[in-house]
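First up is the structure itself, then whatever we jot down about it.
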Amino acid sequence: MGSPPHIAVIGGGSTGAGIARDLSMRGLDVTLVEQGNLTHGTTGRMHGLLHSGGRYAVSDRASARECIEENRVLREIATHCVEMTGGLFVKRPEDDEEYFQEKLRGCRTCGIPAEVVSGAEARAMEPHLAKDVEKAISVPDGAVDPFRLVVANAASAIEHGARIETHSTVRDVLIEEDEVIGLEVEHASGAGERVHGKEGGREEIRADYVVNATGAWAGRIGEMAGVDIEVRPSKGVMTIMNVRQVDTVINRCRPKGDADIVVPHETTAILGTTDEEVEDPEEYPEERWEVDMMIETLSELVPMLEDARTIRSFWGVRPLYEPPEVGSTDPTDITRDYFLLDHAERDDLEGMTSIVGGKFTTYRMMGEEISDHVCSQFGIDAECHTAEIPLPGSEDFTVLRDYMDEFGLRSPIGRRSVERLGSRADEVLNTSDPNPTVCTCEGVTRAEIQDAIAGSGSDLNAVRIRTRASMGNCQGGFCCHRLAGELHGEYDESTARAAWDGLLEERWKGQRHALWGEQLSQAALNYALQATTQNRDRDPADGDPVDFSAFDGGVGADGGSGTAGVATDGGPRDGD
Amino acid sequence: MAIESEVLVVGGGLAGLTSALAAAREGADVRLVSYKQSSLRHASGLVDLLGYTSDGEGPIVDPYAAMPGLPDDHPYRTVGVETVREAMALFDNVTDYRGDHTDANALVPTHGGTIKPTARYPAGAAAGLASDDRNVLLVGIESMTDFDAPQAAAHLEAAGVPFDVRGETIRFPGDLRADAKVTRYAKLLDANGEVAVRGRTRGARDALAERVNTVHGNEQRVGFPAVLGDQRTDAVRGALEDRIGTDVFEVPMGPPSLPGLRLEEALFEALEESGASVETGNPVVDFDAEGGEIETVYIEKNGALIPNRADQYVLATGGLVGKGIESDRDSVREPVFDCHVAHADDRYEWFDGDAFGDHPFAQFGVETDETLRPLAADGRVEFENLRAAGSVLGGYDFAAEKSGSGVSIATGYVAGNTAATEVR
Amino acid sequence: MSDTEPQTDFDPIEPNTGREFEPVDVFPATEEFDLRPGADSCFKCSACDTSCPVAEVDDDFPGPKFQGPEQWRLKRREGHEIDDSVMSCSNCMRCDDACPSGVPLSQMHNTARGEYVEEQMSKTSVEYWRNRVLSNYRTSAFLASKVPRLANVTMNFGPARWLMEKTMGVTAEREFPAFASTTFREWWAERGGADESRRRARAHRERRGLDRDADKRVAYFHGCYSNYNTTEVGKAMVRVYERYGYEVVAPEQKCSGTPMFANGMLADARRHAEVNVSSMADLVEQGYDAIASCTSCSMALRQEYPELFDIDGIETVAANTFESIEYLRIHEDLKADVREARVSGDLAREFAYHAPCHARNQGLERQSVELFGDLEGAGIEDVGDSCSGISGTYGWKEEKYETSMAIGEEMFDHMAAADGEVGMTECPTCAMQMEHGTGYEIRHPLELLEEALVENPRSEP
């Protein structure tokens, strides 16, 4: 038997990571390249909903069925990424009764467990729901951490021999005689660009087959390969609340519309969203009205949102696709289904398939289908096991018990940490060294940070998505410098300093959309800490040389303060 | 009847304390009311005057010389350079701070490993100046994540300091829990409490010095994170200097900040000695005004409004950090007297796109006339008998300029003095 | 209501509508006390941590920032345990006084502690029962007051105390306070109760040239300690108030609940609070203001009740409750009267004054020092802003005794350095600690005020 075929997967989102895991588990040789961090694209910019399928139960029943199927799978294989919050489709007095009934029928038709609860029952579950909510349908929606899920998929792929390259941008798709034979990739380098996998320079990655799993960016790869892929990127805003106002996913039960969902996510609640087609998946306006609309419209469901603190907003771009002949004008009409575009069939270009459309909840199913397709290209008959074998971290969940005594952590910190690490908790947290909390908002300890650094290199944003450090209410104000300190040692000071700046800027980007009230005060305090106390805005280490001799050198002739050997009596400083 | 005084200062931070002190020293009957702990506890405890110009030029060697070049509406321009000097003299008089021997700024290393220009520094930071060419050992505590000594040392080197600097991390003697607060370290060293080291019990100061001695080479000065005592900081530092045999200094850090805490305590003591009355814990929530003058302010206690009356008032409630300036999605306001605060209508114009950009929010605050009376939108004086001091003032970016403490002291001094003069 | 007083425009019933300062306002009334939204106010400045007297001596206690907003934010509504360190919080409430952002810290601690005791502490543990006995001081005191002499001897009897420490974890280091032979209420009843007080108040009004029927009426919340132990404080309150023409009533009352909050016994506290609120609410309706001489009692009525319980009339009672000297300072020209007065005899002393943490929280920490600063014949010196460390029942627990004394050390040092050899404070348990740490006799400011204005009425009109 010869060596297995080498497959290059482009895109480090949920789809790409899922494909890399699937193919490598089937014994293929896989290289995944991602231009940023894992989850850099759409995956890292979603609301974290694990669909029950209820949202599609009226408009798109095929998607709804896939969702509930995959919802059940992920609860089993990704236990440490999923929180089964349950979900409600709530009906306000002005919402259409007919649609409510249709939603209920749709759920039942698609095999989604759905019960009608009264307004009072709904408020008993969620006390902050509006008083005039009439009734609701309860469904098995959940919350999922996309970062953790993708990192676990990548980790599993690596365990099965895959190579994962982040901060590696595809510069060209290599084609010989109408067949894709590989990629030209540029790996980022320098202190400003973080190190993971291969550092610096261009590389030609030869591949027997290429999978384009770049979602909203698929058209760009298509261009390099000379094929036309009409992805229709559609942006949506998500606004992150500082705390969870609800512990259940709250959906508005009406046909379609903006600002109709609140997802409890880890320590926060995420409000979503809008649906607006954009030209470019990277350059699009992020606008005030979108944030205001989230708060105002969703306050109709959860009134306390009106005055609650938001810590940031972010936008994601859906990689929507529809066959050109459909021609929907409104992006909300475009199907959420996914499409496998075999460029051999479609464009007479051998050796490459693109996968477009689809949604996060069904990432594994998409991975399975495209892996089947890739295997069939090589006549390989290997079964898919991604639905049965748990992801790293989700193998054994008994560790959740007794976590506190074992790791000597304060109860909620130990609990959160173990929830994030899953079955890896023991390996990560069992340390005899002092294990102080580095990020106090999210309860992330040094041991977890160090584990993340070992896994992701010197990019503090990669550490962030693994641990949630800096994702709490101070938005990194109090921990960016601590994280830089954690990096130092393994990496030199200039790398640590650059990573510190990188994290600060990234945190600032989203926080700008939350700058009023408490978060503006927080930003002002962060600014005072970083600029006033730490002088990081005018850091002499980053700027021109300083003439030290011109400044105060102290009172003594030798420049010393001459305080050595004074009062050691231990008496009170002042005579009160 | 109301609780009465001649001058009522609202706010207990650096500006409020300075103005109360200035007014009391002028012989006025002064009352200071402060809602909660001030931002002194967050700040480094260093007293900056002016480290950079409004255009970001610097570090400035002589802050006084640079003040006339500031924009017209800058608080330093309002009060004038000579007044700043007088105010600093008052500060020097009531504290044990260093740096008054020269007009030049000092460059002080802080906990991120950067150096920053400042005008006054606590005695405990004196041996750490970056213009001193003696070699430095920085000592970090393993479980104290705010100060990574090796990183700070490397960072100082990157800034080109004129000395060799090395960082070492040690474990604090006595196995304090990893999340022990800075006050815990300080208290243990204050009391020279007993700690167990390999089965032997000994004083915390000795035990700490001994740990340091195992990593100390030939450096002439040793820097610690700012946890060297609270009440007896001179004694703690002295004991360490004795046993290590070098000068010892603290690297300012925070929040929370022990140097800030100590400064706050020193200023409150000076204020109490001056005879002013003080009440903390409850907010001023309302006021009566008549004929353009404030007559009475109301302090809220669990639903009851307690009237306080004075002839002259000083508003020193702080900025966005101290909550003397508040905002919502649509507007920015000064919540106590509802003084005018200029701001763009669109909140997306309140900030810059870069984390360290030129942020309009950093300059939010009230505008005043030349005697520090807040001005309404139409340029008229809001109240004849109200003056504003400190971060509640607009027109300067204290973080970028490193001018926060100096503006608070200078404007507090002017507001307090003027108020006292008015009641005479 | 006192707003009928001619010389004042003060209207204590004025509701504080639309203000953002009241942290409880942001929480809708839910049964389960979801305080996570309270974490919205926290911007991590750590002022609370620097104010915590426990965290600075005990690193097992992670400080109020963790204990409050951080723990609540990390908490899920269900299935999340409260960290057991919440039991190390002494409920001094200094963190409330520190927080510049209005985080409801003590409410978070009290609620978490209640949840911990309810759900995680074994109801058969010695600790649980010891804490219940300590927090139900009123019951013990009630029994002891029936046989005060016997109680005074046996409660401090060596072998009995040894046994209490060994079996219940009540430290043998402390002496139980002495019980008065006649309780305040017995004295009050014997004296003629409210009728007699009205008579005296009227006489004083006439002497002061006030309307004989002026609406000056207060309801005295004496608390357990003034009733069973330091009855002279209660008597001083009555005499001083009558001197200013106030009629005093002493309505039915139970323990304020302070020791129960500190021990997470919220159900016990609620039962007592219901009685207190109901009897005070009726009187407040009729125009009385509620006056407490113990700063922890006034704290409970003003802040903890409305934060923790949803009882009819609770907000009105809270808004009309005052500490005894605070009230006079607002309504009378107390400062001038004291400036005119002179004391001699037993109380012509130098006092080392300690401001209780709960007084600090009500903005009263400088009140006594500023008031008595001008009093002829006596001197008063503030011994600084440290916590006494006893925090009610906290210092009585064997396992907390050392922490309690370590916290108190700064205060003991400052007391020793002060000129006076007599201590002064408003809080009965701070007084115990002051006495325990220094051996000084400890007096209440009301006693000095009585001496100045009633016993030596130089300024009497």
Within segment C:81-125, DSSP-loop GluC sites (Glu not before Pro) with at most 15 other C-beta atoms within 10 Å are C:E81
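Need one number: % antiparallel among DSSP beta bridges in the protein assembly as shown, to the nearest 5.
On the way: 87 of 162 bridges.
So the antiparallel bridges in the protein assembly as shown amount to around 55 percent.
Quick check: convex hull over the Cα atoms of segment C:310-461, volume per residue in Å³, rounded to an integer?
Taking only Cα atoms, segment C:310-461 has a hull volume of 121 Å³ per residue.
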For C:K400, counting only lysines whose alpha-carbon sits under 24 Å away and dropping same-chain residues fewer than eight positions off, the answer is B:K181, B:K187, C:K65, C:K123, C:K166
So what does the Cα-only Debye profile of chain C read at q = 0.06 Å⁻¹, as log10 I(q)/I(0), no solvent term?
-> -0.25
Which value in nm describes the separation of the simple spin-label points at A:M84 and A:S3, placed 7 Å from the Cα toward the beta carbon?
-> 4.5
FRET efficiency, B:D175 to C:E435 (Cβ-Cβ, R0 45 Å, nearest 0.05) | 0.85
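Per DSSP helix of 4 or more residues, -39500 (n - 2.57); summed, then divided by the residues of chain A. What does that give at 222 nm, rounded to the nearest 500?
Numbers: 17 runs with 180 residues, N = 576.
Taken over chain A, the calculation gives -9500 deg cm²/dmol.
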Just for the Cα atoms in segment A:6-80, what are the lengths along the principal axes, largest first, rounded to whole Å?
-> 41, 27, 26
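Nearest 0.05, what FRET efficiency do C:E376 and B:V215 give at R0 = 45 Å with Cβ-Cβ as r?
About 0.15, to the nearest 0.05.
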Rounded to 0.05, the calculated FRET efficiency for the beta carbons of A:K509 and B:E349 at R₀ = 22 Å is 0.85
Only Lys, Arg (+1) and Asp, Glu (-1) charged, at Cβ; chain B dipole about Cα centre in debye | 2060
State the Cα centre-to-centre distance between segment C:383-461 and segment B:81-159 in whole Å.
-> 40
Report ³J(HN,Hα) in whole Hz for each residue of segment A:3-8, in order, from the Karplus equation J = 6.51 cos²θ - 1.76 cosθ + 1.60 where θ = phi - 60°; Gly and Pro get x.
-> 5, x, x, 9, 10, 9
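Here is the link list: C:K146/C:K254; B:K301/C:K216; A:K131/C:K44. Which ones come out longer than 23 Å on Cα distance? Walk me through the numbers before you get to the answer.
Values: C:K146/C:K254 17 Å; B:K301/C:K216 21 Å; A:K131/C:K44 33 Å.
Violating the 23 Å Cα-Cα cut-off are A:K131/C:K44.
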Can you give the Rg and Dmax of segment C:126-168 based on its C-alpha atoms, in angstrom?
-> 11.0, 29
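Please give the direction-averaged projected area of the C-alpha convex hull for chain B, in square nanometres with one decimal.
Details: hull surface 86.7 nm².
Over all viewing directions, chain B projects a mean Cα-hull area of 21.7 nm².
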Neighbour cut-off at most 16 other Cβ (10 Å), DSSP loop, trypsin sites (Lys or Arg not before Pro), segment A:243-300 = A:K256
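Using the Cα centre as the reference, give the magnitude of the dipole from point charges on the C-beta atoms of chain A (Lys, Arg: +1; Asp, Glu: -1; all else neutral), rounded to the nearest 20 debye.
Details: 56 positive and 105 negative charges, 388 e Å.
Dipole size: approximately 1860 debye.
Rounded to the nearest 500, what is chain C's calculated 222 nm mean residue ellipticity when only DSSP H runs of at least 4 contribute -39500 (n - 2.57) each, over all residues? Please report the intermediate quantities before stating the final value.
Values: 24 runs with 210 residues, N = 461.
One gets -12500 deg cm²/dmol as the mean residue ellipticity at 222 nm.
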Long-range alpha-carbon pairs in the protein assembly as shown, meaning those over 61 Å apart, account in percent for 19
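When only DSSP loop residues count, what chymotrypsin sites (Phe, Trp or Tyr not before Pro) in segment C:153-204 have their Cβ near at most 15 other Cβ atoms within 10 Å?
Here the sparse-neighbourhood loop sites are C:F157.
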Would you calculate the separation in nanometres between label points at A:R61 and C:V454, each defined as 7 Å from the Cα along the Cα-to-beta-carbon direction?
-> 8.6
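What does the helix-only formula give at 222 nm for chain B: each DSSP H stretch with n ≥ 4 adding -39500 (n - 2.57), the total divided by the residues, and the result rounded to the nearest 500 deg cm²/dmol?
Numbers: 11 runs with 118 residues, N = 424.
Taken over chain B, the calculation gives -8500 deg cm²/dmol.
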A:K135: which lysines have alpha carbons under 25 Å from its alpha carbon, excluding same-chain residues fewer than 8 sequence positions away?
-> A:K91, A:K103, A:K256
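Bear in mind these aren't lab numbers, they're just calculated from the coordinates by the rules spelled out. Keep in mind that what you see is a predicted model, and the values were worked out from it rather than measured. Backbone-built Cβ (ideal geometry, glycine too); neighbour counts: all protein chains shown.
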